[in-house]
Every structure is written in C-alpha cells, then in structure tokens.
Amino acid sequence: MIAPDKMKNRITLHGLGFIQVQLEAEQRLHVWHPELPRRTCFEHSSIHNHRFSFVSQVLIGSQRNIEYADHWKDDGEFVLYLHEGLRTQNGGRPWVPTRRTDMVIVDDVIIPAGSAYRQEAYKYHRTEPQGNGKVATLMRKTYEGMNGACSACRFGVEPDSDFNRFQWSEQQLWEIVQDVLQGGEL
C-alpha cells in the first residue's frame, strides 16, 4: 500500500510562517498569523525564490514584498540552498548547499488589501505581513519552471531542514484561517 502524499492535503503549514490552502486553477490562499510556527532559522533564511511566477492579491491586511538580486561571492553573507527532490517525512524538500552570495535589495513595496503584486520565477524575495501580522492573499501561478527553488540562509546558520509542516492539526489551521478572514478588514 502506498502512503498518501500529505502535501496534497487541502491545508498545510509553511515554514515561512503561513498557512497554504490549495484551491482550484493553480490558486492558493495564503494566511499569515503571528501565532503560527516558523522554521527555527527563519530570521536568517526568509529570502527565497520560487520555481514558478505568480500574482498575489492581498485580500486582508497589507503585505511587504522585498525583492533581492544575488551577487555570487566566495565569502558572501549567505549560502544558497537548492530545494529539489522528494519531500521529506515532514513535508519539506532537502536543503542542498550550492554557493555563497550576497543579497542586495532591488525593490521594497507595501501592498495594501485590494492590490496585487507579481513575483517572477527564480527572482529572490521575502514577504513580511504588516500591521497586526494577520494577512490573507490569493496567489495564482502564471508560469512553472523545471528547476527547483532556492533559499538563502545566512552563512554560519544551520538551516532548519526538519521543519514539520504537519505539526498542527487541520482543525487548528482552519481556526487560524477563520480568525484572519473574519477579523480582517476587506
């Protein structure tokens, strides 16, 4: 018997501090809340890219999106880790170190509820919920690449490759989603 793929669950936790709800048509509802767990290295590893491009509509709250350019440097401040391969038991992908780099901010914008932002595949960014930390976005993929995504983790910090995406029950996750969706201002 083959075990079910938990990443196909409708709702899961993400190590970057949000809940992901799978929707139809390449869409996902992302919900941030200050009580959600994050990977232990979060403050040193929140810069990342995606293997897909997307448009994200902010539904509740406001979201800060900071884009970065990476500059290869043998003694760079960050190590880039490739996330490719089979998912681990806890739902993540392996962290494979590739090279050192520096990250330079190229854009920094706050997106209020009712507005959207676009993120291109393989471009580095990080997002920060604003205000009370309760934010909901509707993300729609617009393109999917073939290579894995990467995270930048500060040199000397061990990445949290064992973050458990299933540490909260589905009921707990839905309660957080309900709290944000009912308590936010449209």
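One table, with the values for the structure above:
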| item | result |
| --- | --- |
| Efficiency of FRET from Cβ geometry, GLN182 and THR98, R₀ 35 Å, rounded to 0.05 | 0.25 |
| Pairs of Cα atoms farther than 18 Å apart, the stretch 5-90, % | 57 |
| GLU43 paired with ASP107, simple spin-label distance in nm, labels 7 Å along Cα-to-beta-carbon | 2.9 |
| Theoretical FRET efficiency, 1/(1+(r/R0)^6), r = Cβ-Cβ of LYS141 and ARG10, R0 22 Å, to 0.05 | 0.85 |
| Helical contribution to [θ] at 222 nm, DSSP H n ≥ 4, -39,500 (n - 2.57), averaged over the chain, rounded to 500 | -2500 deg cm²/dmol |
| Computed over the stretch 1-155: relative contact order in percent, which uses C-alpha pairs under 8 Å that are six or more apart | 37 |
| Pairwise FRET efficiency - GLU84 versus LYS123, Cβ, R0 = 22 Å, nearest 0.05 | 0.80 |
| Inter-label distance, nm, simple model (7 Å from Cα along the C-beta direction), ALA69/GLN22 | 3.8 |
| Highest-first arrangement of 93-104, 30-41, 138-149, where packing means the average Cβ count within 10 Å | 30-41, 93-104, 138-149 |
| Reachable aspartates and glutamates, given that their alpha-carbon falls under 19 Å from the alpha-carbon of LYS73 and they are not under 8 places away in the same chain | ASP102 |
| Cα-based convex hull, the chain, per residue volume (Å³, whole number) | 123 |
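Values in this text are rule-based calculations from the coordinates and carry no lab data. Predicted model, so just to flag it, every value in this text is computed and none were measured. Glycine also receives a Cβ, built like all others from the backbone with ideal geometry; neighbour counts cover every protein chain displayed.
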